[in-house]
Amino acid sequence: MNWIQVDELRVTLLVMVALLSWVVLRYTWRNFALEPSRPRAMGWMIGCLASVTVTLIANHFILFWLSWVSISVCLHRLLLFYPERSRAVLATHKRMITARITEALLAVSFIQLYLWSGDPTLSGTLDYFSATGVVPLGAMITLVIAALLSCAQMPFHGWLMQVVESPTSVSSLLHAGIVNLGGFLLLSFAPLLTEAEAARWLLGLLSAVSCGLAILIMSTRISIKIRLAWSTCAQMGLMLLEIALGYYSLALLHLVAHSLYKAYAFLSSGTVRPIHNVLVRNSWVTLGWFLVSLVMINLALWFSFGHFKPTAAVLLSLSITLLMSQAHKFSWPKSILLALVWVAIYTALTLSAAQIMQDGRVHIGLDLAVAAWFIMLVALYWWLEQHVAHAVSQRWFIRLNAGLYIDEWFTRLALWLWPRPEDRHRYDSVDEEKSAS
């Protein structure tokens, strides 16, 4: 029985993990030079990276699950590296709740897959599906929920923003690698997910909402690390959305690019100036750039893949529009040339990823719905930015700055399960009042 598996997908991710491991460990060694507990930090960091490596090559369900749990245990010790920080302790407890739920769901899904196929390996399960064409819908829905929790999607997202209390190297490891594992989990079961329509709709709708709201909330943040954390929530939602739409090659490219970028962003966060939102003042120029970009992207996608990808086209067109509308120093010919170069680079990278990960069947209904959702969000963002003095805009800014209060219930649950020292007296007083009454 094959306990490990090595293919093009896993080799690509292993190379990425090796590069990130070298950078993060080197940074950690220097960053903790004056810390007497540096060996402890390095030990848990190496253990975490080793567990990630085993997870990537694991083929047997038991080995996959045990290495997944090992990642969580090592990360827990790293997040509590400074246990005197009460906010870090609360955030770690919140993450521990989601981690235990994720591990339970993952175990349930693997048990369902084993009972369905009679094979405890990932490769054997995929072979059984190829022979029968039957999809275990319950197992795929459970797997999708586990991936959503693993990638810190709303409403179980608050801990991701609050663990920035941990050392910078730990934040880099978390955001550049560990939080991406939900995407790898679904890509590993991509053939089954393609045929599980209900699971794809669930994944697509929840990740689209989480991604869109995270983008709006991120626009109200000033702190570099907090903004990067909200960016990770949005990027993970977008990656899961790409998987739900069947854009497996694009999701793989997104996973690798996000990991490399976020590792650099966190490790260099101490030298970055505060970010201020730039208003797009000429609406007609902005609209013109969007339409031109949309035409170019759709043509590139058609010639590359033989079909349109509405959501991918809209999101890439919006990114080009944002860049070009702020590039006032460029003339129109240079701006168009820059946009063409951007499209060409994207197409080349996507075609390269397509050699590793084949796309699934595209669900055009879900694709169009998600594209419309993002256009609506951009229109709302533009209106809020252009009417900052309006009473409605100010009220929404307050709500968005508070994260729409979505995380409050989860914080209360964590405090009820693990009260902080300053909260224990309050809970004891409440219990005494109940007993007296």
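The values are calculated or read from the model by the stated rules, or taken from the named source; none is laboratory data. Given the structure is predicted, the values throughout are model-derived calculations rather than measurements. With ideal geometry, Cβ positions are generated from the backbone for all residues, glycine too; neighbour counts draw on all protein chains shown. With ligands, DNA and RNA removed, areas are computed over all heavy atoms of the protein, side chains included. Shrake-Rupley method; radii C 1.70, N 1.55, O 1.52, S 1.80 Å.
Quick notes on this structure:
- When Val163 is tested against (1) open to solvent by less than 10 Å² (accessible area, probe 1.4 Å); (2) modelled with pLDDT of 90 or more, just one condition goes unmet, and that condition is (2).
- Of all residues in the stretch 105-125, those satisfying the criterion of being surrounded by fewer than 19 Cβ atoms within 10 Å (Cβ to Cβ) and assigned to a helix (DSSP H, G or I) are Ala107, Val108, Ile111, Gln112, Tyr114, Leu115, Trp116, Ser123.
- Within the option set Thr142, Thr168, being without any contact (Cβ under 8 Å) to a residue 40 or more places away in the chain and either closer than 24 Å to Thr53 by Cβ or open to solvent by less than 30 Å² (accessible area, probe 1.4 Å) (or both) holds for one residue only, Thr142.
- Remark: pairs (first residue in the stretch 391-415, within 18 Å of Leu216 (Cβ to Cβ); second residue surrounded by 13 or more Cβ atoms within 10 Å (Cβ to Cβ) and charged (D, E, K, R); Cβ separation under 8 Å; 6+ apart in sequence or on different chains) = Asn401/Arg221; Tyr405/Arg399.
- Here Val370 passes the criteria (1) surrounded by fewer than 17 Cβ atoms within 10 Å (Cβ to Cβ); (2) part of a helix (DSSP H, G or I); (3) under 24 Å from the mean Cα position of the chain (by Cα); (4) not hydroxyl-bearing (Ser, Thr, Tyr) except the one numbered (1).
- Scope the stretch 349-367; condition assigned to a helix (DSSP H, G or I) and either modelled with pLDDT of 80 or more or open to solvent by less than 40 Å² (accessible area, probe 1.4 Å) (or both); matching residues: Thr350, Ala353, Ala354, Gly365, Leu366, Asp367
- Single residue of the stretch 30-43 satisfying the filter (surrounded by fewer than 19 Cβ atoms within 10 Å (Cβ to Cβ) and part of a helix (DSSP H, G or I)) that is modelled with the lowest pLDDT: Asn31
- Scanning the stretch 7-21 for residues that are in contact (Cβ under 8 Å) with a residue 40 or more places away in the chain, outside any helix (DSSP H, G or I) and out of contact with any Leu (no Cβ under 8 Å at 6 or more places or on another chain) turns up nothing.
- In the set (1) in contact with a Cys (Cβ under 8 Å, 6 or more places away or on another chain); (2) open to solvent by less than 20 Å² (accessible area, probe 1.4 Å); (3) modelled with pLDDT under 90, Gly182 fails one condition alone, (3).
- When we screen Arg77, Arg100, Arg87 for residues that are open to solvent by 10 Å² or more (accessible area, probe 1.4 Å), at pLDDT 90 or above and assigned to a helix (DSSP H, G or I), the only hit is Arg100.
- Applying the criterion of being small (Gly, Ala, Ser) and under 20 Å from Ile398 (Cβ atoms) to the residues of the stretch 208-221, the residue that is surrounded by the fewest Cβ atoms within 10 Å (Cβ to Cβ) is Ser219.
- Some residue of the stretch 247-265 being among the hydroxyl-bearing types (Ser, Thr, Tyr), at pLDDT below 85 and over 24 Å from Val11 (Cα atoms): no
- One residue stands out among those in the stretch 222-254 that are within 19 Å of Trp159 (Cα to Cα) and touching a Phe, Trp or Tyr at 6+ places or on another chain (Cβ under 8 Å): the one that is surrounded by the fewest Cβ atoms within 10 Å (Cβ to Cβ), which is Lys225.
- Residue within the stretch 210-231 that is part of a helix (DSSP H, G or I) and under 30 Å from Asn59 (Cβ atoms) present: no
- When we screen Leu25, Leu90, Leu78, Leu56 for residues that are within 30 Å of Gln358 (Cα to Cα) and aliphatic (A, V, I, L, M), the only hit is Leu56.
- The set of residues in the stretch 379-398 being open to solvent by 70 Å² or more (accessible area, probe 1.4 Å), not aliphatic (A, V, I, L, M) and not in a loop (DSSP other than H, G, I, E, B) consists of Tyr381, Trp382, Trp383, Gln394, Arg395, Trp396, Phe397.
- Just one of the listed residues (Leu49, Leu66) is open to solvent by 10 Å² or more (accessible area, probe 1.4 Å), of a type in the set (A, V, I, L, M, F, W, C) and at pLDDT 95 or above, and it is Leu66.
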